[in-house]
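Shown next, in structure tokens, is the structure this report addresses.
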């Protein structure tokens, strides 16, 4: 039951994008079209979970036993960067279709702070393996959900009359603010 | 020659000021700007990292093979961020607790990598450090501005000191998550309006 609460909280209440503000650069960058947003969302879910598993393992079995926690930042970013490269190579070899769908988004993910953020949050909250798995996957799904919903809104924004100064990133941020307000409504749930 | 230095030094304060002109590094700009103090602290930490990383990367730009350059940059940046993290824990413990995971997340702040790739990889060390310093200070100023606005109107205080009369009802909306997006969006719009009024060309995409 605790895991269920954790899942709901990570997806909706503490939505990684709208409540913790992680991964905003790709959020504003790729949300102009629904199709690209969908691709990015899938790639983020995939990489976040993989990265969380690896960084969790390194943190629990290497850094903590040897008192090397100060190397956390350095080791996490290296793990994530090499993992993304590895995933790219494997996908390219194994599945052409998947590569065509996700390929362009993978290099972008290295600098997506949502991936690193989830890894750091897992380490900070000292989750066990199962909690880590639930937390990372539901956080990533929450990110994807917000991204896809937002892309839908942004597609309609293009055809509406927006004052000149507000066009582009400006109106996108205000829209995201209103969406974040809607997500606050979930706060009573957990 | 002296002009290049001065141009570079002032570019970060207006022409390329992040995150408004250079729309990079939005996450910390939204996340830690609940108060002016947090914004300033985060901005200065980023300024420190971007100045030194620009210097180091520029000094090594002829040694690093271009194929692995991004990985090499990330290692340099991550090392500097670890230094900042440890220093902040030692000297500004309270602030470092408040900024939390956003300090290690400077590693993935696009500004740092963006300046490394866009400027330090092509220019000599001193000029790159000046560029990093100017962008960093511009970023610190922007974050302090966003933090000030949110703190003054959201809580009625500035740097923890009450500035508005008690009769003022604080707009709690501004210090909560959605307020960050809206404040930044409105500031961007004001900046766009001002640029258009001055007849400047749009740099922001």
| task | Take the stretch A:170-183 and flag every residue that is in contact (Cβ under 8 Å) with a residue 40 or more places away in the chain and surrounded by fewer than 21 Cβ atoms within 10 Å (Cβ to Cβ). | result | A:179
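If you check residue B:5 against the conditions, is it more than 20 Å from residue B:141 (Cα to Cα), more than 9 Å from chain A (Cβ to nearest Cβ), in contact (Cβ under 8 Å) with a residue 40 or more places away in the chain and surrounded by fewer than 15 Cβ atoms within 10 Å (Cβ to Cβ)? Break it down stepwise before answering.
Details: more than 20 Å from residue B:141 (Cα to Cα): yes; more than 9 Å from chain A (Cβ to nearest Cβ): yes; in contact (Cβ under 8 Å) with a residue 40 or more places away in the chain: yes; surrounded by fewer than 15 Cβ atoms within 10 Å (Cβ to Cβ): yes.
Judged against the criteria, residue B:5 is a match.
Table: residues versus (1) outside any helix (DSSP H, G or I); (2) within 14 Å of chain B (Cβ to nearest Cβ).
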| position | (1), (2) |
| --- | --- |
| A:145 | no, no |
| A:156 | no, no |
| A:159 | yes, no |
| A:162 | yes, yes |
| A:165 | no, yes |
| A:185 | no, yes |
| request: Identify the single condition in (1) modelled with pLDDT under 85; (2) buried (at least 24 other Cβ atoms within 10 Å of the Cβ) that residue B:112 does not satisfy, given that it satisfies every other one. | output: (1)
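For the stretch B:16-26, check the following and say yes or no: at least one residue is in a helix (DSSP H, G or I) and more than 20 Å from residue B:129 (Cα to Cα).
Within the stretch B:16-26, the first condition is being in a helix (DSSP H, G or I), and the residues that meet it are B:26.
Imposing the further condition that a residue be more than 20 Å from residue B:129 (Cα to Cα) reduces the set to B:26.
The answer is yes; a qualifying residue exists.
Does the stretch A:93-111 include one or more residues that are part of a helix (DSSP H, G or I), within 14 Å of chain B (Cβ to nearest Cβ) and surrounded by fewer than 17 Cβ atoms within 10 Å (Cβ to Cβ)? Full working, then the answer.
Filtering the stretch A:93-111 down to residues part of a helix (DSSP H, G or I) leaves A:93-94, A:96-102, A:105-109.
Narrowing further to those that are within 14 Å of chain B (Cβ to nearest Cβ): A:106-109.
Checking which are surrounded by fewer than 17 Cβ atoms within 10 Å (Cβ to Cβ) leaves us with A:107-108.
Yes, the conditions are met somewhere in the stretch A:93-111.
Quick check on the stretch B:156-169. Is at least one of its residues more than 14 Å from chain A (Cβ to nearest Cβ) and under 30 Å from residue B:9 (Cβ atoms)? Please lay out each step first, then the result.
Step one: list which residues in the stretch B:156-169 are more than 14 Å from chain A (Cβ to nearest Cβ), which gives B:156-169.
Now narrow it down to the ones that are under 30 Å from residue B:9 (Cβ atoms): B:158-159.
Yes, that holds for at least one residue.
crowded, with 16+ Cβ neighbours inside 10 Å and either part of a loop (DSSP other than H, G, I, E, B) or modelled with pLDDT of 90 or more (or both), is that true of residue A:49? Give the steps one after another, and end with the answer.
Values: crowded, with 16+ Cβ neighbours inside 10 Å: yes; either part of a loop (DSSP other than H, G, I, E, B) or modelled with pLDDT of 90 or more (or both): yes.
Here the answer is yes, as residue A:49 does meet what is asked.
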| task | Would you check if residue B:143 is modelled with pLDDT of 90 or more, in a helix (DSSP H, G or I) and within 14 Å of chain A (Cβ to nearest Cβ)? | result | yes
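Could you list, in sequence order, all residues of the stretch B:106-133 that are outside any helix (DSSP H, G or I) and more than 14 Å from chain A (Cβ to nearest Cβ)?
Here is the first cut: in the stretch B:106-133, the ones outside any helix (DSSP H, G or I) are B:109, B:121-124.
Once the filter is applied, which keeps residues that are outside any helix (DSSP H, G or I) and more than 14 Å from chain A (Cβ to nearest Cβ), the stretch B:106-133 yields B:121, B:122, B:123, B:124.
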| note | Residues of the stretch B:78-105 being closer than 17 Å to residue A:124 by Cβ and at the interface with chain A (Cβ under 9 Å from one of its Cβ atoms), in sequence order, are B:81, B:82, B:85, B:86, B:100, B:101, B:102, B:103, B:104, B:105
| remark: Expected output for the stretch A:55-80 (first residue more than 8 Å from chain B (Cβ to nearest Cβ), partner surrounded by 18 or more Cβ atoms within 10 Å (Cβ to Cβ) and not in a helix (DSSP H, G or I), Cβ below 7 Å, 6+ apart or cross-chain) is A:80/A:110
| query | Quick one: how many residues across the stretch B:30-74 are crowded, with 23+ Cβ neighbours inside 10 Å and without any contact (Cβ under 8 Å) to a residue 24 or more places away in the chain? | reply | 0
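Quick one: would you say residue A:152 is in contact (Cβ under 8 Å) with a residue 24 or more places away in the chain, within 30 Å of residue A:58 (Cα to Cα) and either in contact with a strand residue (DSSP E or B) (Cβ under 9 Å, 6 or more places away or on another chain) or part of a helix (DSSP H, G or I) (or both)? Spell out the reasoning first.
Details: in contact (Cβ under 8 Å) with a residue 24 or more places away in the chain: yes; within 30 Å of residue A:58 (Cα to Cα): no; either in contact with a strand residue (DSSP E or B) (Cβ under 9 Å, 6 or more places away or on another chain) or part of a helix (DSSP H, G or I) (or both): yes.
Criteria not met by residue A:152.
Quick one: which residue in B:8, B:33 is assigned to a helix (DSSP H, G or I) and in contact with a helix residue (DSSP H, G or I) (Cβ under 7 Å, 6 or more places away or on another chain)?
Working: B:33 fails: assigned to a helix (DSSP H, G or I).
None of the others qualify; the one that does is B:8.
The values are calculated or read from the model by the stated rules, or taken from the named source; none is laboratory data. Everything numeric here is computed off the predicted structure, so don't read it as measured data. Here the Cβ is made from the backbone with ideal geometry for all residues, glycine too, and neighbour counts use every protein chain on show.
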